[in-house]
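Here's the structure, in structure tokens; my notes come after.
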Amino acid sequence: MSFDSSTYVNLVSAHSKAQERLFLQYIGPRNDFDIIIVGSGIGGGVLGDDLAERLGRHKRILVLEAGSFVFPTHVYNLCRFSNASLARHFACDTFWQAGNEHAQYFIGEKPQLNFGGRSIFWSGLIPSIQGWELEFFPSRVRQDLQGGLLDAAGDTMNESRSMGSTAREIVKRLQQSPLSQDFLIQETPRALHQPYLTPDGVPVQQFFTEPTGVFNTAELLINQAGLTPGVSHGDGPGLQLLLNHFVEDVQDHGDHFELVSRNTLTGKIRHFGAATVVLAAGSIESPKLLRRSSMYPWLPQPVKDLLGRGLTDHPTSNEITTYVTNIGEVPIPKDTHAKIIFYSRGLRDPERPAEIRYPFNVEMNVNHEYWHLRDNDPRERDAAAFSTNDNIGPSRVDIKFSFGNCLDDDNEVKAAPPYGYVPEIAFRNLKWMDDLRDSRFPALAGWRKDYGQIFEVLNRVTHQIFSRFQINGSEARPENEVWYGQGGKGFGWGTVHHAAGSLRMPYRAAYDGPFEVHSVVDEDLRVVGTRRLYVCDLSVMPFSSAANPVRTLVALALRLSRHFG
């Protein structure tokens, strides 16, 4: 299959002036490299940056990206343009969905093919996977992540520690409640590039004096390559970047791999060779590339059987809202905000030891309208919801439940038709709760609960959280007294915001089960049956964590970098 731009309806193929001013693409004549990384998103971008930092003095490293340089900054810096609208504009249709009249198959997000990948469209939240969830990971990987790599990932992403004094006080009061027996309650860390916060979380007064942007790998790689266009042709060691090059094939020549790429601007073919190749194109694109590659027929049959299967995301509930004025003696003004996460400790239910009591995290937003710079003026909002005086009236508190999830072998990035590239992707819509009740929750936590019992757990925790807050002297309650199981409050769409598991590492099919014999990649992320072909994106995950998995992927990228020397 050769590249056809019509495959990607909204793919931007361009060579902009902004790109020319910021960094130099590889223009050297040499096609040989030590390491080639396919994809510049979170996995590929962090890997490329760390390899350049440690090995760039004597290794030739190339990052190939199919997309273009879309933005000179993160989209969250484009004030008043919503992230959702930008993502829709630049999204790429890469598959068709068979579905049925009940919308059984539904994927609400699509891959972003651009420099920096989906990190350009990501909010910069960096919560962490928890110990009970790491039990789904093979032992060496689990030990390395817990042994410092998750902390190193936070440092790499410039992790902030606080959103200010109100957020700290709310967390302090919640930590003093019985909730702390089952949950580790913390502020949700995020990248510190937010232009309206100082390092300790205090809002700044002069936004223009602060750095712009949140963490994204386009800026990371540009900084690594250096802001010196025209200085070097890149014929020596170091990191090189090449955009608008779609990889059509990976060929195994024994002592090296050959990549066939096509320039999306000119249509010209260029071949690159390297002893080590890393696929980091994402959970949808990487399995498609590996399946259509010339080396696919020679992969071991157990690898072929699992390739593309298992696609998973973490199911989340709808939001429940309340309005509050204080928590204990701590006032919560409307011009403050916080994002707090209740990490499950993964404790067993004392009455049912085969079950995990709470196999979910609880995510809380306080005055979420202040979360993004573009939305920080309440006067632009609905007057019925916000007073003209920012500090008058109750603050809004939203919570939702985010469950972990095991891999699902009924989900699959299927083989494309002959001479084609666009396959069917079977992903069961998690809005249909029968699947959660009968399959997902039992594998995740041993739950054998009916709908009423599931909602009873969610409502019990909701009450425990809301009752810590007050509104004008009374205990906070859900808006309009609508609880889970009522008024459409249940589980939302099973979107693939964090598509994972299509090229899995060694994994467990269920919490108390054994590790399965076969996988697509081994514990070092090397494709089984190959010498030095690796994968470094969310497709390798053996489990979809309740928290955003980006920090885990950054840690895996750092781990892979160290594996290379």
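The values are calculated or read from the model by the stated rules, or taken from the named source; none is laboratory data. Small disclaimer: the values here were computed from a predicted structure and weren't measured. Glycine gets a Cβ as well: all are built from the backbone with ideal geometry, and neighbour counts include every protein chain shown. To get the accessible areas, we keep the full protein, side chains included, count just its heavy atoms, and leave off ligands, DNA and RNA. Shrake-Rupley method; radii C 1.70, N 1.55, O 1.52, S 1.80 Å.
Show me 115-122, 236-243 ranked by packing, highest mean number of other Cβ atoms within 10 Å first.
The peptides rank, most packed first, as 115-122, 236-243.
Treat each spin label as a single point 7 Å out from the Cα along the C-beta direction, and report the residue 486 to residue 368 distance in nm.
That separation, rounded to one decimal, is 2.1 nm.
Mind listing the phi-derived Karplus ³J(HN,Hα) values for the range 128-142, rounded to whole Hz, using 6.51, -1.76 and 1.60 with θ = phi - 60°, and x for any glycine or proline?
3J(HN,Hα) across the range 128-142, in whole Hz: 10, 5, 9, x, 5, 6, 5, 5, 7, 9, x, 4, 5, 5, 4.
Residue by residue through the range 476-488, what is 3J(HN,Hα) from phi via Karplus (6.51 cos²θ - 1.76 cosθ + 1.60, θ = phi - 60°)? Round to whole Hz and write x for glycine and proline.
With coefficients 6.51, -1.76 and 1.60, one gets 5, 10, x, 4, 6, 6, 9, 9, 5, x, 10, x, x Hz.
Mind running the shape call on the range 224-332? Use the C-alpha gyration tensor, a ≥ b ≥ c as the square roots of the eigenvalues: rounded below 1.5 for a/c, prolate if a/b tops b/c, oblate otherwise.
Because a/c hits 1.5 or more and a/b fails to exceed b/c, the range 224-332 counts as oblate.
Which lysines, on any chain, are close to residue 172 with Cα under 28 Å apart, when same-chain ones fewer than 8 places away are left out?
334, 339, 400
Excluding same-chain residues fewer than 8 positions from residue 449, which aspartates and glutamates have a Cα within less than 18 Å of its Cα?
Excluding near neighbours in sequence, the set is 349, 351, 355, 434, 435, 438, 512.
Semi-axes, largest first, in whole Å: what does sqrt of 5 times each Cα gyration tensor eigenvalue give for the range 456-506?
Here the semi-axes work out to 34, 14, 10 Å.
Taking the Cα-to-Cβ direction at residue 453 and at residue 223 and moving 7 Å from each Cα, how far apart do the two end points lie in nm?
Placing both labels 7 Å along Cα→Cβ, they lie 5.0 nm apart.
At 1.4 Å probe radius, can you tell me the per residue accessible area of the range 262-349 in Å²?
Per-residue accessible area for the range 262-349 comes out at 34 Å².
Determine how large the accessible area of residue 139 is when every protein chain is in place; take a 1.4 Å probe and give Å² rounded to the nearest 10.
50
Hey, any idea what % of the range 290-346's accessible area is carbon plus sulfur with a 1.4 Å probe?
Whole-percent figure for carbon plus sulfur exposure: 52.
By the scheme Lys and Arg +1, Asp and Glu -1, what is the net charge of all other residues having a beta-carbon under 15 Å from that of residue 483?
So the environment of residue 483 carries a net charge of -2.
Taking the Cα centroid of the range 333-351 and of the range 467-527, what is the distance between the two, rounded to the nearest whole Å?
14
How much of the accessible area of the range 112-187, probe 1.4 Å, is carbon plus sulfur, in whole percent?
41
Straight-line reach from residue 17: which aspartates and glutamates have Cα under 17 Å away, leaving out those fewer than 8 places along the same chain?
219
Report the label-to-label distance for residue 467 and residue 89 in nanometres (one decimal), using points 7 Å from each Cα along the Cα→Cβ vector.
Once both label points are built, they end up 4.8 nm from each other.
Full extension from residue 180 to residue 58: what is 0.36 nm times the residue separation minus their Cα-Cα distance, to one decimal in nm?
Length gained between residue 180 and residue 58: 38.9 nm.
Leaving out ligands and nucleic acids, note down the accessible area per residue over the range 492-565 with a 1.4 angstrom probe, in whole Å².
Solvent-accessible surface per residue comes out at 29 Å².
Please name which of 445, 455, 469 has its Cα lying farthest along the dipole of the range 436-482 towards the positive end, using unit charges on Cβ (Lys, Arg +1; Asp, Glu -1) and the Cα centre as origin.
Final value for the positive-end residue is 445.
Please sort 443-451, 411-419 by packing, taking for each peptide the average over its residues of neighbouring beta carbons within 10 angstrom, highest first.
443-451, 411-419
Hey, quick one: spin label on residue 347, modelled 7 Å out along Cα-Cβ, who in the range 145-185 has an amide N within reach, i.e. under 12 Å?
Within reach of a label on residue 347, which here means backbone N under 12 Å from a point 7 Å along Cα→Cβ, the range 145-185 contributes 178-184.
Going by average Cβ neighbours within 10 Å, how do the peptides 15-25, 511-521, 539-549 rank, with the highest at the top?
539-549, 511-521, 15-25
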